[in-house]
1. Within the range 72-92, work out how many residues are farther than 23 Å from THR26 by Cα and outside any loop (DSSP other than H, G, I, E, B).
2. Out of the range 45-71, which residues are touching a residue at least 60 places away in the same chain (Cβ under 8 Å) and in a helix (DSSP H, G or I)?
3. Among the residues of the range 144-193, count how many are over 21 Å from PHE33 (Cα atoms) and either in contact (Cβ under 8 Å) with a residue 40 or more places away in the chain or basic (Lys, Arg) (or both).
4. Among (1) in a loop (DSSP other than H, G, I, E, B); (2) without any contact (Cβ under 8 Å) to a residue 24 or more places away in the chain, where does PRO111 come up short?
5. Is it fair to say ILE41 is assigned by TED's automatic domain parsing to the domain that holds CYS133, touching a residue at least 24 places away in the same chain (Cβ under 8 Å), touching a Cys at 6+ places or on another chain (Cβ under 8 Å) and β-branched (Val, Ile, Thr)?
6. For the range 194-212, how many residues meet the condition of being in contact (Cβ under 8 Å) with a residue 24 or more places away in the chain and either more than 29 Å from GLU21 (Cβ to Cβ) or not aliphatic (A, V, I, L, M) (or both)?
7. Scan the range 229-262 residue by residue and report those that are polar (S, T, N, Q) and either surrounded by 12 or more Cβ atoms within 10 Å (Cβ to Cβ) or at positive phi (or both).
8. Which is surrounded by fewer than 20 Cβ atoms within 10 Å (Cβ to Cβ), β-branched (Val, Ile, Thr) and either more than 17 Å from the chain's Cα centre (by Cα) or modelled with pLDDT of 95 or more (or both), of ILE153, ILE177, ILE137?
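The values are calculated or read from the model by the stated rules, or taken from the named source; none is laboratory data. Just so we're clear, the structure is a prediction, and the values are computed from it rather than from any experiment. We place every Cβ from the backbone using ideal geometry, glycine too, and count neighbours over all the protein chains shown.
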Amino acid sequence: MAAQKLTPPELKTIQIEIDGEIGTMTLNRPDTFNAMSPDLIEDMATAFAWLADQAPLRGLIITGAGRAFCAGGDLNWFKEGQSNPDIDIVASVRRGAELLHSGIVDLQRIPYPVIAALNGPTAGAGFSLALACDFRIMSDAETTFLACAYGRIGVSPDGGMTYFLPRVVGPSKAIEILLNDPNLQGPAALEAGLVSEVVPHDELMDRARAKAEKLAKKSPYYVKMAKHLVHQSLDNSITEQLQMERHGIANGMGTEDSKNAIEAFLTGGTAEFKGV
């Protein structure tokens, strides 16, 4: 296992702040509603690799600077590439999507809870990014909504949209959302199961922090394995999944956390999980 590194990587368009065991990752292109430019995509890939392999955290909150979570792909990038004969926009977007997708894979590898705090418009690849997180908490502001949005510019989804959305709402509902492409505000997003909570706008970050702190008290091994097993279950056969569960519970019994928690349970105490 790689040694843990407390200092986040230097990034141009993303801020990572660490407060105790909780990290906050802020997409920081507020003038563009945190649209995904090549720079932001590159920073995301770097950030998620660090967060998955080196960050000494037990919880992460992802949010956006300013008035938006993320408006999706940067339309100025697309427009320039389509109008400039010296730019191969197809190759440029293909490369950008490849890098974005490597970042999404690393995001899925993060072994601790990841909470998306949706503070404003969340569209296109921004919606995909939110779906890739473990929890989504949404501001009740009228300007906060979820939207697929790809069809509005005549392209198909990326960022894992067609992987995560059917797994959250079911295939039929996913197609309905993709093709109708509504702006889903708090009540509709909650009803569809796309978010777990809708909270007053000025309480969003406090609520996300409280959620992260509560989850950070759980066994790191349990959280890591629960996430990993659920992710793998979507592609495994029952035999493959049961084998993973078999090894998972057996390996867990060898941890000091499990030994101490069982002792605490039997003696009426309270377990404290240290990740060992």
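1. 10
2. ALA45, PHE48, listed by residue number.
3. Of the residues in the range 144-193, 3 are over 21 Å from PHE33 (Cα atoms) and either in contact (Cβ under 8 Å) with a residue 40 or more places away in the chain or basic (Lys, Arg) (or both).
4. The one condition PRO111 does not meet is (2).
5. Details: assigned by TED's automatic domain parsing to the domain that holds CYS133: yes; touching a residue at least 24 places away in the same chain (Cβ under 8 Å): yes; touching a Cys at 6+ places or on another chain (Cβ under 8 Å): no; β-branched (Val, Ile, Thr): yes.
Answer is no for this residue.
6. Of the residues in that region, 7 qualify.
7. Those that are polar (S, T, N, Q) and either surrounded by 12 or more Cβ atoms within 10 Å (Cβ to Cβ) or at positive phi (or both): GLN232, SER233, ASN236, GLN241, GLN243, ASN251, THR255, SER258, ASN260.
8. Unique residue meeting the criteria: ILE153.
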